[in-house]
Structure formats: structure tokens, C-alpha cells
1. Can you run down the residue pairs with Cβ atoms below 8 Å, 6 or more apart or on separate chains, where the first is in segment 136-161 and closer than 21 Å to R66 by Cβ and among the basic types (K, R) and the partner is part of a strand (DSSP E or B) and more than 12 Å from the ligand (Cβ to nearest atom)?
2. Are any of the residues in segment 99-107 assigned to a strand (DSSP E or B) and surrounded by fewer than 16 Cβ atoms within 10 Å (Cβ to Cβ)?
3. Tell me yes or no: at least one residue of segment 67-86 is part of a loop (DSSP other than H, G, I, E, B), away from the ligand (no atom under 16 Å from the Cβ) and touching a His at 6+ places or on another chain (Cβ under 7 Å).
4. Go through segment 50-66 and give me each residue that's in a loop (DSSP other than H, G, I, E, B) and under 20 Å from E97 (Cα atoms).
5. In a strand (DSSP E or B), more than 17 Å from the chain's Cα centre (by Cα), surrounded by 14 or more Cβ atoms within 10 Å (Cβ to Cβ) and among the hydrophobic types (A, V, I, L, M, F, W, C), is that true of F145?
6. Restricting attention to segment 93-119, report how many residues are of a type in the set (G, A, S) and within 11 Å of the ligand (Cβ to nearest atom).
7. I need the full set of residues from segment 148-163 which are out of contact with any strand residue (DSSP E or B) (no Cβ under 6 Å at 6 or more places or on another chain) and buried (at least 16 other Cβ atoms within 10 Å of the Cβ), in order please.
8. Go through segment 99-125 and report how many residues are in contact with a Lys or Arg (Cβ under 6 Å, 6 or more places away or on another chain) and within 15 Å of L135 (Cβ to Cβ).
Amino acid sequence: MTTSSIARMTAPPSTAYKIVDVPEGYADVIKRHGIPGTFVASSERESPWVPFGPNAAIRHLHFDTRHNIFGNILWMKSAGVIGTHKHRGTVVMICLEGSARYLEYDWVAGPGDFIYETPGLIHTLVSDHPNGVKLFGWLQGRLEFYDDSGTFVETVDVWWFINHYESYCREHGIPINKQLYI
Ligand SMILES: [Fe+2]
């Protein structure tokens with residue numbers, strides 16, 4: 001963007017620190033059929049770390065069963081491997097802490113780095129960092145996991161993630177947080 005095009009911008013930002021009443025011709029329809037957004041605070045009371053194998057945990061943030069979309073934070077607690085998997089949908093990830101990479105690529109993601117994955121990709125997630133990695137992920141569609149000889153093991157999709165969350169909550173007497181369901 002050039003300096004002159006920035007100068008022509010009029011919005012955003014704004015200096016009006018207030019809620020503005022915006023016209024909406026279909027406000028009644030949205031009120032009847034719109035789906036509210038959600039908010040999940042960082043407290044484990046709102047969503048606990050659920051073990052994912054011996055060295056990892058997942059903190060579930062949202063489940064969208066209409067679109068097979070699920071959001072979470074994956075925590076590998078030390079250097080290690082998450083198995084080889086194939087994507088049938090799109091994934092958006094941001095590295096929050098530590099570092100991670102895929103054996104198949106030549107980059108290493110550190111804090112603040114952005115990762116975008118597309119249908120058909122097959123790769124093996126590892127962390128070489130002594131403290132592992134925390135990755136925020138927004139995932140769409142299913143993932144298929146394979147063992148180290150290339151044999152299919154399991155499909156992971158929104159239903160798998162909901163079951164992962166709910167079964168842990170049931171076992172530990174933790175109330176299901178409705179805010180996670182979009
Ligand atoms: Fe992946």
C-alpha cells in the first residue's frame with residue numbers, strides 16, 4: 001500500500017469510543033436465525049487441557065458441526081512427534097510458544113508464525129524445542145492419521161474432537177461449556 005492510498009483511507013480507524021447504532025434491513029431475520037458468536041476465556045475452568053497421547057494435550061475452543069470446523073490449541077509438552085496425517089480440509093495455525101515444523105518442509109514455526117494447510121497435504125508434525133510447542137489451530141474437514149508404516153489408523157473430525165472434549169469432562173466431573181459449540 002502506498003503512502004497516498006493510506007492517506008485516502010477514512011475508515012478504519014475511528015476515534016468514536018462508543019457503540020454505534022448501524023442500519024440493518026434484515027435485523028429481524030438475523031435476530032431469528034443468526035448464530036451468536038462466542039467467547040472462551042483462557043481459564044481451564046472454561047476449557048481444560050485434555051490429554052492427547054503421553055506428551056501432548058488439546059485445549060478445545062470451538063466446534064462447528066455444520067461445517068466440520070474445530071478450533072483448539074495443541075500443546076506438545078516437549079520435543080516429540082504428532083503422527084503423519086493427511087488433510088481433507090483447510091487448516092490455519094499460529095504458533096504461540098516454542099517451535100514446530102513438518103518433516104516434509106524446510107521451515108520452522110516459532111511464536112507468531114503463521115501456517116496454512118490445504119486439502120491433500122500429507123505431513124508429520126514434530127517439535128525439536130525442549131519445551132515443545134503451543135499451536136492455535138482452526139481446522140476444517142477431516143484429518144486421517146497413519147502409523148509409521150503408512151497404514152491408516154484413524155479419522156479425526158469435529159465429532160472426534162467433541163467426543164475427546166466431552167468424554168474427558170464426563171470422567172472428571174467438569175461441566176460441558178456450551179460456549180464451545182457454534
Ligand atoms: Fe497438518
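Values in this text are rule-based calculations from the coordinates and carry no lab data. Note that the structure is a prediction, hence the values are computed from the model and not measured. In this analysis, Cβ positions are derived from the backbone assuming ideal geometry, glycine residues included, and neighbour counts consider all displayed protein chains.
1. R142/T155
2. In the first step, residues of segment 99-107 are kept if they are assigned to a strand (DSSP E or B); the result is 100-102.
Narrowing the set further to residues that are surrounded by fewer than 16 Cβ atoms within 10 Å (Cβ to Cβ) leaves none.
Looking for residues that are assigned to a strand (DSSP E or B) and surrounded by fewer than 16 Cβ atoms within 10 Å (Cβ to Cβ), one finds none in segment 99-107, hence no.
3. Yes, some residue in segment 67-86 is part of a loop (DSSP other than H, G, I, E, B), away from the ligand (no atom under 16 Å from the Cβ) and touching a His at 6+ places or on another chain (Cβ under 7 Å).
4. F52, G53, P54, N55
5. Values: in a strand (DSSP E or B): yes; more than 17 Å from the chain's Cα centre (by Cα): yes; surrounded by 14 or more Cβ atoms within 10 Å (Cβ to Cβ): yes; among the hydrophobic types (A, V, I, L, M, F, W, C): yes.
The answer is yes for F145.
6. The qualifying residues number 1.
7. D157
8. 1
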